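Shown next, in structure tokens, is the structure this report addresses.
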Amino acid sequence: MSEELYANRKHKDTVFRMLYSDKKAILELYNALNGTDYQNPDDLTITTLENAVYLAMKNDVSFLLDARMTLYEHQSTWNPNMPLRDLLYIARLMEKSVNKKSLYQSEMIKIPAPHFVVFYNGKEKKPEDTTIKLSDAFLQKEEEPELELKVRFLNINQGCNPELMERCRTLREYSAFVARIRRYADGETAIEEAVDRAVTECIEEGILADFLRSQRAEVIAMSIFEYNEEEEMRKLREGEREIWEKRGKIKGQVEGLARSCLFALESHGTVPEWLKKRIMEETDPEPVEEWMRAAVTTDSVEDFLGKTGLKAPENE
């Protein structure tokens, strides 16, 4: 690359991002994932964009190694939009990497092959190793998409991907550290006390000991923030789920009432198709209830129309 891209330090860090700001830790994780045995951290070039909050998106770490541009992301909440996010991010990253070359030159510009990995450790049960594709989001499904981007999601909760964890001590110990915080916080212990206790015990037991000892205050503050943020996201999703379940329940009740209305109305004569459609497409329970009362007290379909004021569309 003709230009060095430096690791961002301006946006709010996370414990994972802090841990993997070190080239040795990145190299260890890369080797564990790819079955390689790189030993020299200087073989790796950090390429995380300085303006990491690009289009309101953050990237934890990106780096150049082995002719690959690798992007690592950590998430405690499941996000199926990562392929689209990574597409926008990698485009900006590639733009910076070739900004002194003309895209109109006759010789092909060679670029590093991009690879995308998300390390997930949220509370929702998710597969240990799965891939989400950009084409999954296409409105029109394509047998052979002309634009594709694949993101590998790896579950790093304790008990998941044991072979990877065995090969990467830093990742294994990070998983153990997070699990310990959650175990204490899920009990009666306040999150502040849970984090402090987890940090103290991990240092004593040699779990991320050097990292936690040297960054103790910042790690505690970040862990509390991350846990609270994760809990807020969980509550938000639960609230959204309850709203949709309620809407689904109401929709089912309205549909049932509409069918009963038609059943009652059909006992008084032939119901025109436009009226059937109008009644069944209504989503507001209030008018359907009024129509139901009219249907059970009417003498004919014509009388029903007079009581409700429903009229056929002009093109009928």
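Could you say whether any residue in segment 186-194 is among the β-branched types (Val, Ile, Thr) and modelled with pLDDT under 95? Outline the logic, then answer.
Let us first name the residues in segment 186-194 that are among the β-branched types (Val, Ile, Thr), namely 189, 191.
Checking the rest, the ones that are also modelled with pLDDT under 95 come to 189, 191.
Looking through segment 186-194, at least one residue is among the β-branched types (Val, Ile, Thr) and modelled with pLDDT under 95.
Taking the condition modelled with pLDDT of 90 or more, aromatic (Phe, Trp, Tyr) and farther than 30 Å from VAL195 by Cα, does TRP244 pass? Step through it out loud before you land on a result.
On the way: modelled with pLDDT of 90 or more: no; aromatic (Phe, Trp, Tyr): yes; farther than 30 Å from VAL195 by Cα: yes.
Here the answer is no, as TRP244 does not meet what is asked.
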**Q.** Total residues in segment 190-224, condition surrounded by fewer than 16 Cβ atoms within 10 Å (Cβ to Cβ) and either touching a residue at least 24 places away in the same chain (Cβ under 8 Å) or part of a loop (DSSP other than H, G, I, E, B) (or both)
**A.** 4
Q) Would segment 98-106 turn up any residue that is surrounded by 15 or more Cβ atoms within 10 Å (Cβ to Cβ), over 14 Å from the mean Cα position of the chain (by Cα), in a loop (DSSP other than H, G, I, E, B) and modelled with pLDDT of 90 or more? A) no
(Q) I'm told ASN157 meets every condition in (1) in contact (Cβ under 8 Å) with a residue 60 or more places away in the chain; (2) outside any strand (DSSP E or B); (3) under 22 Å from the mean Cα position of the chain (by Cα) except one. Can you identify the failing condition by its number? (A) (1)
Q) Hey, any hits in segment 53-72 for a residue that's surrounded by fewer than 17 Cβ atoms within 10 Å (Cβ to Cβ), among the polar types (S, T, N, Q) and either modelled with pLDDT of 90 or more or touching a helix residue (DSSP H, G or I) at 6+ places or on another chain (Cβ under 9 Å) (or both)? A) no
Q. Are there any pairs with C-beta distances below 6 angstrom linking a residue in segment 83-98 that is among the aromatic types (Phe, Trp, Tyr) to a residue that is surrounded by 20 or more Cβ atoms within 10 Å (Cβ to Cβ), with the two at least 6 apart or on different chains, and if so which?
A. TYR89/ASN59
Q. How many of the residues making up segment 73-87 are modelled with pLDDT under 90 and hydrophobic (A, V, I, L, M, F, W, C)?
A. 1
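The values are calculated or read from the model by the stated rules, or taken from the named source; none is laboratory data. Small disclaimer: the values here were computed from a predicted structure and weren't measured. Please note: Cβ atoms are built from the backbone with ideal geometry, for glycine as well, and neighbour counts cover all protein chains shown.
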